1. Go through region 18-49 and report how many residues are closer than 27 Å to ILE77 by Cα and either surrounded by fewer than 22 Cβ atoms within 10 Å (Cβ to Cβ) or over 12 Å from the mean Cα position of the chain (by Cα) (or both).
2. State which residue is modelled with the highest pLDDT when the search covers only region 93-135 and only residues that are under 13 Å from MET26 (Cβ atoms), surrounded by 16 or more Cβ atoms within 10 Å (Cβ to Cβ) and out of contact with any helix residue (DSSP H, G or I) (no Cβ under 7 Å at 6 or more places or on another chain).
3. Just name the residue that is nearest to VAL21 (Cα to Cα) out of those in region 150-197 that are of a type in the set (Val, Ile, Thr), within 22 Å of the chain's Cα centre (by Cα) and part of a loop (DSSP other than H, G, I, E, B).
4. Being under 15 Å from LEU111 (Cβ atoms) and among the hydrophobic types (A, V, I, L, M, F, W, C) is the filter here, so list the residues in region 1-18 that pass it.
5. Pull out all pairs, ordered by first then second residue, where Cβ-Cβ is under 9 Å, the residues are six or more apart or on different chains, the first lies in region 127-144 and is without any contact (Cβ under 8 Å) to a residue 40 or more places away in the chain, and the second is among the hydrophobic types (A, V, I, L, M, F, W, C).
6. State the number of residues belonging to region 51-92 that are touching a residue at least 24 places away in the same chain (Cβ under 8 Å), closer than 18 Å to LEU19 by Cα and of a type in the set (D, E, K, R).
7. Out of PRO37, PRO18, PRO27, which single residue is in contact (Cβ under 8 Å) with a residue 24 or more places away in the chain and either of a type in the set (Ser, Thr, Tyr) or over 20 Å from TYR121 (Cα atoms) (or both)?
8. Taking region 67-96 as the region of interest, how many residues are under 23 Å from GLY128 (Cα atoms), more than 14 Å from the chain's Cα centre (by Cα) and small (Gly, Ala, Ser)?
Amino acid sequence: MRFLLGVDEAGRGPLAGPLAVGVVAMPEGFDVAGEFPGVRDSKKLSEKKREAIYRMLEARVALGDARFTVEFESAGIIDREGIVTAVRRALFRGVRVLVGEVRKSDFRILLDGALKAPPEYAQETIVGGDELVPLISLASIAAKVSRDRLMVRLSAEYPLYGFEKHKGYGTRAHYEALEKYGPCVIHRRSFLHLDSIRE
């Protein structure tokens with residue numbers, strides 16, 4: 001059986017928390033759009049809709065129709081090695097996890113935007129793929145939901161910043177908390193560029 005792998009990332013731009021890369025594998029010819037009604041780029045869906053599609057994906061995994069993984073790279077790695085390297089690390093790891101599970105089959109990798117898989121694998125990068133290719137949309141949703149859930153959990157550890165609301169993005173409330181309390185351990189200090197934020 002031939003498989004397709006869809007790949008996309010979430011959390012490239014926040015001031016805090018990890019980057020997430022989602023990789024979803026399905027048999028070639030699986031009607032992703034038909035089986036996941038409303039699937040599209042995660043940024044264009046409500047949180048409720050993303051969660052519903054994520055649960056449908058989990059159900060498909062339970063049935064054996066799909067596999068997926070979401071790989072994270074921490075704020076510390078992003079600060080030390082840069083966002084591009086962090087994306088590549090998480091992406092390569094996620095692809096190899098799923099390729100390892102389907103290694104007896106043929107497969108091809110579909111990636112959003114400027115993303116690239118390890119060069120030894122058959123792949124196609126599609127500009128706007130998170131909107132044009134339902135399998136990439138699913139990967140986008142898997143990454144976004146997994147990261148958002150993690151940020152809600154982290155908000156209990158770092159309650160001063162409101163991570164459960166803004167998920168680490170640079171909202172006004174987030175900047176105000178940074179001005180008042182300074183950054184915490186999960187902030188990307190290389191992203192802050194605020195001289196007034198105390199260490």
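1. Count: 3.
2. Taking region 93-135 as the starting set, the residues that turn out to be under 13 Å from MET26 (Cβ atoms) are 98, 101-102, 105, 107-110, 133-135.
Keeping just the survivors that are surrounded by 16 or more Cβ atoms within 10 Å (Cβ to Cβ) gives 98, 102, 107, 109-110, 133-135.
If we keep only those that are out of contact with any helix residue (DSSP H, G or I) (no Cβ under 7 Å at 6 or more places or on another chain) too, we end up with 98, 102, 133.
Details: LEU98: 91, VAL102: 71, VAL133: 96.
Applying the filter and picking the extreme gives VAL133.
3. My answer is ILE186.
4. Residues of region 1-18 under 15 Å from LEU111 (Cβ atoms): 3-10, 12.
PHE3, LEU4, LEU5, VAL7, ALA10, listed by residue number.
5. Going by the 9 Å Cβ cut-off, the qualifying pairs are VAL127/ALA114; LEU132/ILE126.
6. 4
7. Details: PRO37 fails: in contact (Cβ under 8 Å) with a residue 24 or more places away in the chain; PRO27 fails: either of a type in the set (Ser, Thr, Tyr) or over 20 Å from TYR121 (Cα atoms) (or both).
Only one candidate passes the filter, namely PRO18.
8. Qualifying residue count, region 67-96: 0.
The values are calculated or read from the model by the stated rules, or taken from the named source; none is laboratory data. Keep in mind the model is a prediction, meaning the values are calculated, not measured. Glycine also receives a Cβ, built like all others from the backbone with ideal geometry; neighbour counts cover every protein chain displayed.
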